[in-house]
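For reference, the structure is listed below as structure tokens.
The values are calculated or read from the model by the stated rules, or taken from the named source; none is laboratory data. Computed from a predicted model, the values in this text were never measured in an experiment. Here the Cβ positions follow ideal geometry from the backbone for every residue, glycine too, while neighbour counts run over all protein chains shown. Ligands, DNA and RNA are stripped out before the accessible areas are found, and what is left, the full protein with its side chains, is counted by its heavy atoms. Shrake-Rupley method; radii C 1.70, N 1.55, O 1.52, S 1.80 Å.
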Amino acid sequence: MEREVLLTGIGGQGIQLASTALATAAIDEGREVMVFGSYGASMRGANSDATVVVGDERIAAPPTVSTAWSALVMHHGYWPGVRDRLRPGGLVLVDTSVFRGEIGRDDLVVVGLDASTMAIELGAPQTCGMVALGAFAAASGLVGLESLIAAVPRLLPPYRTQHAAVNERALRAGHEAAPALVAPAWPELVGAEAGS
């Protein structure tokens, strides 16, 4: 079984770190992973996209996929291309504090979260991608929260290691704010929703 995650936003929202953290956490949990990131030439404000494919066996899909199971959407600017690639029943985590417009699909499981606002309230607006990633993990169970927390410090460059603690707080805040397992990624999680 493979689960594809499309991440989209603009530069500065932490899309590339979030995708790498997701991939690293999945590897740490024994999954097979492929990740592909792309971004515009500007450091802030240009598109920032990534695809993460997570599987329980060797991955057959290339890291650029024509359809996907889920998406983490931090900005509306590049949503239409992502929307059109999602399979019916897929999970979409949306940063509602930034996203403008309509989702435009009734056949998706949509979880809205004010990720950017929550990051500002944490005193670290640059962690909005981590807030969203924590929420995505809660809603899908694709990877565990503790695996994400363990992955992030290993991914930060030496001059940013002081941000490990605030990234952990951001992941935990997002995880706590999202509904649990509304779109379980793995068969063993079906029926494990809160209260089951």
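Observations
- Portion, in percent, of the accessible area of the range 1-98 that falls on carbon or sulfur, probe 1.4 Å: 52 percent
- Cα-centre dipole for the chain with unit charges at Cβ (Lys and Arg positive, Asp and Glu negative), debye to 20: 540 debye
- Length released on extending from MET1 to THR64, taking residue separation times 0.36 nm less the Cα-Cα span: 21.0 nm
- Packing-based order for 117-123, 183-189, 11-17, using average beta carbon neighbours within 10 Å, highest first: 11-17, 117-123, 183-189
- Scanning residues 5 or more positions from GLY112 or on other chains, those with amide H under 5 Å from its amide H are VAL94, with H placed 1.01 Å from N in the peptide plane.
- Within the range 1-103, trypsin sites (Lys or Arg not before Pro) in DSSP loop having at most 13 other beta-carbon neighbours inside 10 Å: ARG44, ARG58, ARG100
- With the simple spin-label model, which puts each label point 7 Å out from Cα in the Cβ direction, the ALA46 to ALA192 separation comes to 4.0 nm.
- Equivalent ellipsoid dimensions for the range 117-196 as semi-axes, Å, which come from the Cα gyration tensor, largest first: 25, 14, 8
- Using the alpha-carbon positions of the range 61-124, Rg (one decimal) and Dmax (whole number) come out as 12.7, 39 Å.
- Temperature 4 °C, viscosity 1.567 mPa s: under these conditions the Stokes-Einstein estimate for the range 58-196, based on its Kirkwood radius over C-alpha pairs, is 82 µm² per second.
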